[in-house]
Amino acid sequence: MTESSLQIVQNAWKAFSTYDPERIAAVFTEDAEWLAPEGNATAVALGGSAHLVGREVIVRFLAEDFRKVFVSDVAVEFRGFHADGDTVVVEETMTAELADGSRYSNDYCFVFVLRQGAIHRVREYMDTAKGHRQLVPIGRIPSYRDQS
């Protein structure tokens, strides 16, 4: 029996939470893309792009770069998983501790498009203004750019 689209995406979230590059890589196609709103606070904090292209780039973001901004106590409260064929929509709230010890909380919606049982494309939506309010006010964003 093959996994359903819903199961594939749910298992991908489990892989993301391990920060293990091999486990994360296994859920994406080689030519996968991850698109988030231009200028979102996380991309700005990392001095990177909101459009990640290729499995290797996405894995580096999820396994390494993500933790430069969201350093501990990362938790995801899922609000819903909705599947239709090879498309899965995930609604969630993510909370985490930032490097300065402050708390982060934001709502997200992800649209996953699968190809041959792996994630081919992710479109990420979030409250960009709320993200900036939490990362920008006390200079949190520039401090991440210098981390290696």
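A short reminder: the numbers here are calculations on the coordinates, not readings from a lab. None of these values were measured; they are calculated from a predicted model. Positions of Cβ are generated from backbone atoms using ideal geometry, with glycine treated the same way; all protein chains shown enter the neighbour counts.
What percent does the relative contact order of the chain come to when contacts are Cα pairs within less than 8 Å and at least six residues apart?
Over the chain, the number comes to 26 percent.
Roughly what percent of Cα-Cα pairs across the chain reach past 24 Å?
28
Identify the GluC sites (Glu not before Pro) of the stretch 1-110 meeting these criteria: DSSP loop state and at most 13 other C-beta atoms within 10 Å of the C-beta.
Details: sites: 3, 22, 30, 33, 38, 56, 64, 77, 91, 92, 97; in loops: 3, 38.
Sparse-neighbourhood loop GluC sites (Glu not before Pro): 3, 38.
Which ³J(HN,Hα) values, rounded to whole Hz and listed in residue order, are derived for the stretch 52-57 from phi using the Karplus coefficients 6.51, -1.76 and 1.60 in 6.51 cos²θ - 1.76 cosθ + 1.60 with θ = phi - 60°, glycine and proline given as x?
9, 10, x, 3, 4, 5
From the phi of every residue in the stretch 122-131, what ³J(HN,Hα) in whole Hz does the Karplus formula 6.51 cos²θ - 1.76 cosθ + 1.60 yield, where θ is phi - 60° and glycine or proline is x?
Per residue, the Karplus-derived 3J(HN,Hα) values read 10, 10, 10, 10, 8, 7, 5, 5, 5, x Hz.
With no solvent and one equal point scatterer placed on each C-alpha of the stretch 38-113, evaluate the Debye formula and give log10 I(q)/I(0) for q = 0.17, 0.19 Å⁻¹, two decimals.
The computed values of log10 I(q)/I(0) come out as -0.79, -0.97.
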